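Presented below is the structure to which this report refers.
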Amino acid sequence: MDENNLSFQKLKEILRSQTPEPCSVCGGLLKVETIKLDQLEKDKLYVLEDAPAFVCQQCGEVWVPKQVLNELDKMIELTTKKTGKNIKENKK
Ligand SMILES: [Zn+2]
């Protein structure tokens, strides 16, 4: 859990250091904010709280950068692995 927060923190810093392109919906200013991101993966819904993303200050459109999506994929992989480990530990 702490590892996830750390990488999110890092990502947030990376995003903040970037100059976001204007919103492609309304041309408004994008700001880095933390959002709730959910992704359906193999019939399981993964919800990420505090995921960094660009949010349009004018229309509220959310733009999730590729880096965050990659991170999300990694986390899903980790969660799947962790679940497998827990099942093994429970058998002891
Ligand atoms: Zn917009």
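In region 16-28, the residue that is nearest to the ligand (Cβ to nearest atom) out of those that are polar (S, T, N, Q) and in contact with a strand residue (DSSP E or B) (Cβ under 9 Å, 6 or more places away or on another chain) is 24. Quick check on region 24-32. Is at least one of its residues under 20 Å from residue 79 (Cβ atoms), touching a Phe, Trp or Tyr at 6+ places or on another chain (Cβ under 9 Å), surrounded by 12 or more Cβ atoms within 10 Å (Cβ to Cβ) and not polar (S, T, N, Q)? No: zero hits. Criterion first (within 16 Å of the ligand (Cβ to nearest atom), in contact with a strand residue (DSSP E or B) (Cβ under 8 Å, 6 or more places away or on another chain) and modelled with pLDDT of 90 or more) does residue 31 satisfy it? Yes: the conditions hold for residue 31.
To keep it simple, each residue is scored yes or no on (1) of a type in the set (S, T, N, Q); (2) touching a Lys or Arg at 6+ places or on another chain (Cβ under 7 Å); (3) not in a strand (DSSP E or B).
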| residue | (1), (2), (3) |
| --- | --- |
| 13 | no, no, yes |
| 19 | yes, no, yes |
| 23 | no, no, yes |
| 28 | no, no, yes |
| 39 | yes, no, no |
| 46 | no, no, no |
| 49 | no, yes, no |
| 52 | no, yes, no |
| 60 | no, no, yes |
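The values are calculated or read from the model by the stated rules, or taken from the named source; none is laboratory data. Remember, it's a predicted structure, so these values are computed and weren't measured experimentally. Every residue, glycine among them, receives a Cβ derived from its backbone with ideal geometry; neighbour counts consider all protein chains shown.
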